[in-house]
1. Of all the residues that make up region B:43-68, how many are more than 16 Å from B:GLY11 (Cα to Cα), surrounded by 15 or more Cβ atoms within 10 Å (Cβ to Cβ) and at pLDDT 80 or above?
2. State all residues of region B:66-91 that are under 16 Å from A:THR33 (Cα atoms) and polar (S, T, N, Q); if no residue qualifies, say none.
3. Inside region B:1-32, can you point out the residues that are loosely packed, with under 14 Cβ neighbours inside 10 Å, of a type in the set (Val, Ile, Thr) and at pLDDT 85 or above?
4. Test A:GLN18 against the stated conditions and say whether it is polar (S, T, N, Q) and at pLDDT 70 or above.
5. Could you say whether any residue in region A:81-99 is within 12 Å of chain B (Cβ to nearest Cβ) and at pLDDT below 75?
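The values are calculated or read from the model by the stated rules, or taken from the named source; none is laboratory data. In this text the structure is predicted, and so the values were computed from the model without any measurement. Please note: Cβ atoms are built from the backbone with ideal geometry, for glycine as well, and neighbour counts cover all protein chains shown.
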Amino acid sequence: MVDEFLKQLFIVKTYTLQLVLCYICAGFLAGLTRLVIRNNSKISFRNWWNDGSLGGALIISVTGAVLFDHSLLWAFLGGYFFTYILEAIQKLLKEKGGDAL
Amino acid sequence: MINIEGMAFTGLITIISLLTFIFWTKKKALINFRAWALLTALINIMFFFNECQTYNSNRCFDLTTIFSLYLIQFITTLIIMFKLWKLSNRYIPKGSKLRTICVTKQIQMKVLALGYTVKNGGNSKGGDNKIKSNLKKIINN
């Protein structure tokens, strides 16, 4: 099953430079949309860079490309919603770390 | 054949958004406004490269992508306009006298308040009282 998945990921699908650039742009767009919508004026661009929008977009977009289709929309939605999951994991880890200390 | 009009239009919007971003950064505006300017610039850069492609060959994006980008831009612009409207309300002086003035003056005050908000980028550091007194002058005149 893993072999099939990897075959699908790297042999069947081709990742052109244009597609990778699209995914990166989608990550940036998702992060910026979050900044536009959220109501916290104290945050800075550094927070946005560190909150994992870009990584989230890349992970979900590759998964979306394998499972569904090459699409910028999937990358955008992935980047947008995956950030919330990353934030929740980060909060949980901080809480656990705080308890341990 | 290259779509010159499309390229010029998207290029112009990109330059305007980037200038707005620089202006708001210098004014230390709220991050929401700066992010919106950058988002608009990025989307229009993507449209610009899309327009660079020839009519007959494959374009960078399919129609679903283009429409989704338009949708993202539309929704974020609506949110920013709503935020501007809400922020501009703080400059308008409160009081019973406000209801007695004519509609033209009320609109004039609202437009001025919106102008100040755009100029400051929602940043309330200093100058609020000066703006309020300027707007009060309109009521009294």
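1. 3
2. Within region B:66-91, B:SER68, B:GLN73, B:THR76, B:THR77 meet the criteria.
3. Step one: filter region B:1-32 for residues loosely packed, with under 14 Cβ neighbours inside 10 Å, giving B:1-2, B:4-5, B:8, B:12, B:15, B:19, B:22, B:26, B:28.
Within this subset, residues satisfying the condition of being of a type in the set (Val, Ile, Thr) are B:2, B:4, B:15, B:22.
Of everything in region B:1-32, those that are loosely packed, with under 14 Cβ neighbours inside 10 Å, of a type in the set (Val, Ile, Thr) and at pLDDT 85 or above turn out to be B:ILE15, B:ILE22.
4. On the way: polar (S, T, N, Q): yes; at pLDDT 70 or above: yes.
Against the criterion (polar (S, T, N, Q) and at pLDDT 70 or above), A:GLN18 qualifies.
5. Pass one, region A:81-99, residues within 12 Å of chain B (Cβ to nearest Cβ): none.
Within region A:81-99, none of the residues are within 12 Å of chain B (Cβ to nearest Cβ) and at pLDDT below 75.
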